[in-house]
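The values are calculated or read from the model by the stated rules, or taken from the named source; none is laboratory data. This one's a predicted model, so the numbers in the text were calculated from it and none came from an experiment. Here the Cβ is made from the backbone with ideal geometry for all residues, glycine too, and neighbour counts use every protein chain on show. Calculation scope for accessible area: heavy atoms of the full protein, side chains included, ligands and nucleic acids excluded. Shrake-Rupley method; radii C 1.70, N 1.55, O 1.52, S 1.80 Å.
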Amino acid sequence: MNVAFFNSIATWGGGEKWHFETSVYFAEKGYNIFFFCNPDGVIAEKLKQFPQVKIIPIKASNLSFLNPFKINAVKQQFIDNKIDTVIINHPGDLKIAGNAAHKAGVSRIIYRRGSAIPIKNKALNRYIFKNWITDILANSEATKLTIVEKNAQLFPLEDIKVIYNHIDIAKFSSIETKRDDQFDEDTLVIGNLGRLAPQKNQHFLIDLSKQLTELNIKHKILIGGIGELEEELKAYSNAQGTQDTVLFEGFQEDIQAFLSRIDIFFLSSLWEGFGYVLAEAALCKKPIIAFNLSSNPELVIDNQSGYLIDKNSIEQAVEKILLLKDKDLRQKFGEYGYNHCSKTFERNHILNQLEQYIFLK
C-alpha cells in the first residue's frame, strides 16, 4: 500500500506537526510513505533527516484549484506513484488534492480535520464532500461536531472517525519541574503559550492581569509565542499598565522548560481543534484554567485537573486563580491531569489506532 500525506503549508502549526510526525512514524515502521509538501517549507526541511519518506514537491495556493494544469500535474503524481490513500490536512489543499486524487482514482481520500471551526455550507463544499472525500478523520469530538454544524447532510456523522492527537508521554516523565526562582514564593506565576493571534485571545490575559493587580494579588503572566499581534499586544499591555506583570517571553523552543517555570497554565483561546498545549501542560503536572468551549472539556477535567470557565469571564478567572493559590490543590490537580492525559493521548496507543484506520481498515 502506498500512502501519501498532502500538506503544502510552508509554515509550522499543529496540523503540520501531526502530518510530519505521523508520516515519519509509519515510514520508519516500513510502510511506503509519500509526502506532497512545499519544497521551501518547514516540513520539507524536517523531512531531510528521514529519507524513508519520499518527498514530492508541491506549491499550492488558495487559487490552485482553478488551475487545470496544476490539478493534472498532481493527478499524474498520484498515478505514477500508485497512491492508494491520500491524507489531506488543509482546506485549501483539499480543493486541489481532493480533485486530483478523485481524477486519479485514489481509493481512499481522507480529510483530516484539526480545527473546531464549522465548515461553511457552500455549494463547493457540498460538492467536495459528496463527490471527492471518502473518509473524514477528526482530532476531537468537538471538531467532529463542527464539521456538520452548518449542514447536517454534508457528510454522515457516524462515518467521521475521531482519533486524538498523539503525544510522546515518555519525554515528559524525565522533566524536572522547577518553579522559576526569579519570582517570590507568594507570586503566582501564570503561563500561556500560543501564536500571538486573534484566535489565542491574549488581550484577555492583559485584562485579567489588570484586575488581579487591582485586587492586590501578586502575580506574573508569562506569554510564550510570536505572531502578528505582538506589537499590538505589547502596546495594549503598556496602555493598561500591566507591563510589569505581563511578560512576553517570545518563541519557546523548549515547551517543557517554559511550563516547568509556572504555577498555573491559562489557555485563553477562543477555539481549539485539539489543544496540544493543554495536554503538554497537564503532562508537566500543571493545573489548567481554560474556557468551556471547543475540545477543551476533552482535555481539562473540570474541578479535577483544572477549571473550565465561561468565555472571557474575568470574574470567574479571578475566582479560580484565588482557589489555585493553594499549593496542595495545584499539586492535586496536576497529578490528576497527568494521569488523564497519560491514559488518553499516549503516543503508541493513538498510533495503533491510526495504523488500524489508515492501513488495516
note = Residues of the range 143-160 being among the polar types (S, T, N, Q), more than 17 Å from Gly14 (Cα to Cα) and open to solvent by less than 20 Å² (accessible area, probe 1.4 Å), in sequence order, are Thr146
inquiry  = Would you confirm, using the coordinates I've provided, whether His102 is closer than 24 Å to Tyr357 by Cα, touching a residue at least 40 places away in the same chain (Cβ under 8 Å) and of a type outside the set (Ser, Thr, Tyr)?
reply    = no
request  = Identify, by number, the condition in (1) under 29 Å from Gln199 (Cα atoms); (2) in contact (Cβ under 8 Å) with a residue 12 or more places away in the chain; (3) open to solvent by 20 Å² or more (accessible area, probe 1.4 Å) that Ile43 doesn't meet.
outcome  = (3)
query = Is one or more of the residues making up the range 218-240 hydroxyl-bearing (Ser, Thr, Tyr) and open to solvent by 20 Å² or more (accessible area, probe 1.4 Å)?
reply = yes
message = Can you say whether Ile55 is surrounded by 19 or more Cβ atoms within 10 Å (Cβ to Cβ) and either more than 20 Å from Leu354 (Cα to Cα) or without any contact (Cβ under 8 Å) to a residue 40 or more places away in the chain (or both), as far as the supplied structure shows?
response = no
key: Any strands (runs of 3 or more DSSP E) falling wholly within the range 244-361 and containing at least 3 residues that are open to solvent by 10 Å² or more (accessible area, probe 1.4 Å)   = 246-250
request  = Inspect the range 52-66 for any residue being closer than 15 Å to Phe20 by Cβ and basic (Lys, Arg) and give the result as yes or no.
outcome  = yes
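Okay, residues lined up against (1) within 30 Å of Gly241 (Cβ to Cβ); (2) surrounded by 14 or more Cβ atoms within 10 Å (Cβ to Cβ):
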{"residue": "Ile136", "(1), (2)": "no, yes"}
{"residue": "Glu141", "(1), (2)": "no, yes"}
{"residue": "Val162", "(1), (2)": "no, yes"}
{"residue": "Glu185", "(1), (2)": "yes, no"}
{"residue": "Leu208", "(1), (2)": "yes, yes"}
message = Among the residues in the range 19-37, are any at positive phi and out of contact with any Phe, Trp or Tyr (no Cβ under 8 Å at 6 or more places or on another chain)?
response = yes
